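The values are calculated or read from the model by the stated rules, or taken from the named source; none is laboratory data. Small disclaimer: the values here were computed from a predicted structure and weren't measured. With ideal geometry, Cβ positions are generated from the backbone for all residues, glycine too; neighbour counts draw on all protein chains shown.
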2 protein chains.
Amino acid sequence: MVEPMTATAEPRVLKHQVVRAQLDHLLDGMIEGDSFPSERDLAERFDVARETVRQALRELLLAGRIERRGRTTVVARPKVVQPLAMGSYTEAALAQGLTAGRIMVGWTDLVADELLAETLTIDVGAPVLQLERVLTTDGFRVGLETTRLPAHRYPGLADSFDYRSSLYAEIRRRGIAFTRTVDTIETTLPDAREAALLTVDTRTPMFLLNRISYDQNDVPIEQRRSLYRGDRMTFTTTMRA
Amino acid sequence: MVEPMTATAEPRVLKHQVVRAQLDHLLDGMIEGDSFPSERDLAERFDVARETVRQALRELLLAGRIERRGRTTVVARPKVVQPLAMGSYTEAALAQGLTAGRIMVGWTDLVADELLAETLTIDVGAPVLQLERVLTTDGFRVGLETTRLPAHRYPGLADSFDYRSSLYAEIRRRGIAFTRTVDTIETTLPDAREAALLTVDTRTPMFLLNRISYDQNDVPIEQRRSLYRGDRMTFTTTMRA
C-alpha cells in the first residue's frame, strides 16, 4: 500500500517516511531475536544519509520493536497485550500464559494531605500505607505500581503481606469486594528514578494509569498509580452497543 | 506529602525530583493563562542549577502543563478528558460542552493488501477509501484520524460527505449500526509529518488507538487509526464487577 503524498509532506519528511516504511516492512518478515542490519548497511541499502537511518532506528527502539543487546541490535519480543479490566495485573498476565512477578521497591508510611484525604474519603492527617512495586512479565520489568491504602482498614498488612503476590487477592481475603474502578489513562515520560527502576530511556513514552477502586459500600479501597512501559505494553478493550 | 527516599535515588535524581515537586506545587496554585516564572528566576528561587530547572520545565512542557506563547511561558489549559467509548469523537466532545471540529487532510484511494483485506474481510486488491482528518477541540488540534472503509459499501461517499461532520453519523444514515468495537491502545512518538499536522514536538508522547468497528452482522465497518496528543488528552473508563 503506497503512502499518500500531502501538501504538508516536505522532501526531508518524505525520505524519513519512506525509510520507516521500508524498515517496518523488513521487520514484518523477521522474528524475535533476529539480528537487525546495522545503521551503515541500511544507509547503503536505501541510499540515504546515515542520520536519516539513525532517526528511524531511534523511533523503532523507543517503540519497542528493536532492542540493543550489547553492540548488536535484534528484533524485540512483541508487546504484552493486556485487557483494560478491573482484575489485577497478575490475573491478566496469567490469562495470557505469562508469568507475573513483582519486585519490592518499598513500603512508606504517609499522612493524608487534603487531596489524598478527599480521594480516599478519610480525614486529613490520617495514616496512609503506600506500597511501591515493580511489575515483571516473564522476568522483564514492565510497570511500576504505587498503591495507597487507608492504613486503619488493613491492620498488620505491611508485616503479613507477601509482596510477590496479588494485593487484590489479599484485600479480597479481608472481606472487601472490588465493585467499581474509575481509571484515567494518560501518556507521560518517566522521570530519572522511574526510568532507572524500569530500565528504560527517559525519552520512552509511558502509560500512566490512575485508578480509584470502590468496595461494596462504594467506599474507596485504594488509590493506585501504575506506570507502564509504552514500548512493552498494549492495552485492549472491546465495547458493545 | 513528602516523597519517600529509596535505595535507587541518587543525589542528582533527588534534586530533580524536588524541583519537579516544587514546580507541581506552584502549578497547583495557578490557573490557565497565568504567566510562569522564567528558568533563571526558578533556578535562583530553588537554589539549583539552571540545567536542573530546564529539564523539569521540558517535562512540564511535554506533559502539556505549561506552554510557550512567543517568549513567555504560561500555564496550559487542562487536558481534554474523553471517555473510552464506542461513540464518535464529536459526541464525546459535545457531551463535555466543547466544540469539535475537523480539518481535512485528504481522501486517498487505496487497494487492499493482504493485511487490510483480512482486517476488513474483503478481497485482496479490493478498493479501499481512506479519509484523513485532524480533530480539533475548541479550535486546538488534538488528534489525527485515519479511517479506512471498504469502498463498495459507501458509493459516492467522497463526493457527498461533509468532512466537517461526524463520519459515524453518516455511516448510520446509510443503515449500518455500530454494534461492537475492538480497540488497542498504545503510546508512540509522532513522526515528523504527524508532528507538523498536530503542531507538537516530535518528543511528545502520543496515544495511538487502533479500532475495528463491526456492524449488526458482525461485518467490519471500518479500520480506524487515531493519534491523539498525549499532552492534551486524558482517557477515562469506569468498570463495574
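Structure notes:
- Filter pass, B:D34 being at pLDDT 85 or above and either within 25 Å of B:R229 (Cα to Cα) or surrounded by 12 or more Cβ atoms within 10 Å (Cβ to Cβ) (or both): yes
- The condition (being touching a Gly at 6+ places or on another chain (Cβ under 9 Å), buried (at least 18 other Cβ atoms within 10 Å of the Cβ) and over 18 Å from B:T181 (Cβ atoms)) is satisfied by just one residue among B:V134, B:V128: B:V134.
- Subset of segment B:198-225 (residues that are crowded, with 16+ Cβ neighbours inside 10 Å, over 15 Å from A:T188 (Cβ atoms) and not hydrophobic (A, V, I, L, M, F, W, C)): B:N210, B:R211, B:S213, B:Y214, B:D215, B:P220, B:E222, B:Q223, B:R224
- For beta carbons closer than 8 Å, sequence separation of 6+ or different chains, a first residue in segment B:36-63 that is among the hydroxyl-bearing types (S, T, Y) and part of a loop (DSSP other than H, G, I, E, B) and a second that is surrounded by 16 or more Cβ atoms within 10 Å (Cβ to Cβ) and at pLDDT 90 or above, the qualifying pairs are B:S38/B:T73.
- Hey, B:L149 at pLDDT 90 or above, more than 16 Å from the chain's Cα centre (by Cα) and within 18 Å of B:D183 (Cβ to Cβ) or not: yes
- Here segment A:180-197 is the region considered, the condition is being among the polar types (S, T, N, Q) and closer than 21 Å to B:Y228 by Cα, and the residue that is surrounded by the fewest Cβ atoms within 10 Å (Cβ to Cβ) is A:T184.
- Filtered residues of segment A:173-196 (kept if in contact with a Ser or Thr (Cβ under 9 Å, 6 or more places away or on another chain), free of Cβ contacts under 8 Å to residues at least 12 places away in the same chain and more than 7 Å from chain B (Cβ to nearest Cβ)): A:A195
- Flag for B:T236 being surrounded by fewer than 21 Cβ atoms within 10 Å (Cβ to Cβ) and closer than 23 Å to A:Y228 by Cβ: yes
- Every test in (1) crowded, with 16+ Cβ neighbours inside 10 Å; (2) closer than 29 Å to A:L27 by Cβ; (3) away from every other protein chain (no Cβ under 12 Å) is passed by A:T90 save one, and that test is (2).
- Of all the residues in segment A:113-132, those that are without any contact (Cβ under 8 Å) to a residue 12 or more places away in the chain and within 8 Å of another protein chain (Cβ to nearest Cβ) number 1.
- Odd one out for A:T199 among (1) within 7 Å of chain B (Cβ to nearest Cβ); (2) in contact (Cβ under 8 Å) with a residue 12 or more places away in the chain: (1)
- Residue list for segment B:87-105, restricted to those being modelled with pLDDT of 80 or more and touching a Phe, Trp or Tyr at 6+ places or on another chain (Cβ under 9 Å): B:A100, B:R102, B:I103, B:M104
- Within segment A:154-169, tally of residues that are without any contact (Cβ under 8 Å) to a residue 40 or more places away in the chain, buried (at least 16 other Cβ atoms within 10 Å of the Cβ) and in a helix (DSSP H, G or I): 1
- Any hit, segment B:205-228, residues being over 26 Å from B:R65 (Cα atoms), more than 14 Å from every other protein chain (Cβ to nearest Cβ) and either part of a loop (DSSP other than H, G, I, E, B) or under 19 Å from the mean Cα position of the chain (by Cα) (or both): yes
- Looking only at segment B:136-153, and only at residues there that are touching a residue at least 60 places away in the same chain (Cβ under 8 Å) and aliphatic (A, V, I, L, M), the one that is nearest to B:Q223 (Cα to Cα): B:L149
- Count of segment A:17-58 residues which are within 24 Å of B:A196 (Cα to Cα) and in contact with a helix residue (DSSP H, G or I) (Cβ under 7 Å, 6 or more places away or on another chain): 14
- Among the conditions (1) farther than 30 Å from A:R133 by Cα; (2) modelled with pLDDT of 90 or more; (3) out of contact with any Phe, Trp or Tyr (no Cβ under 7 Å at 6 or more places or on another chain), B:G29 misses just one, which is (2).
- Unmet requirement for A:R50, which otherwise passes all of (1) within 26 Å of the chain's Cα centre (by Cα); (2) at pLDDT 90 or above; (3) surrounded by fewer than 16 Cβ atoms within 10 Å (Cβ to Cβ): (1)
- Some residue of segment B:103-112 being more than 14 Å from B:P220 (Cβ to Cβ), more than 12 Å from chain A (Cβ to nearest Cβ), in contact (Cβ under 8 Å) with a residue 12 or more places away in the chain and assigned to a strand (DSSP E or B): no
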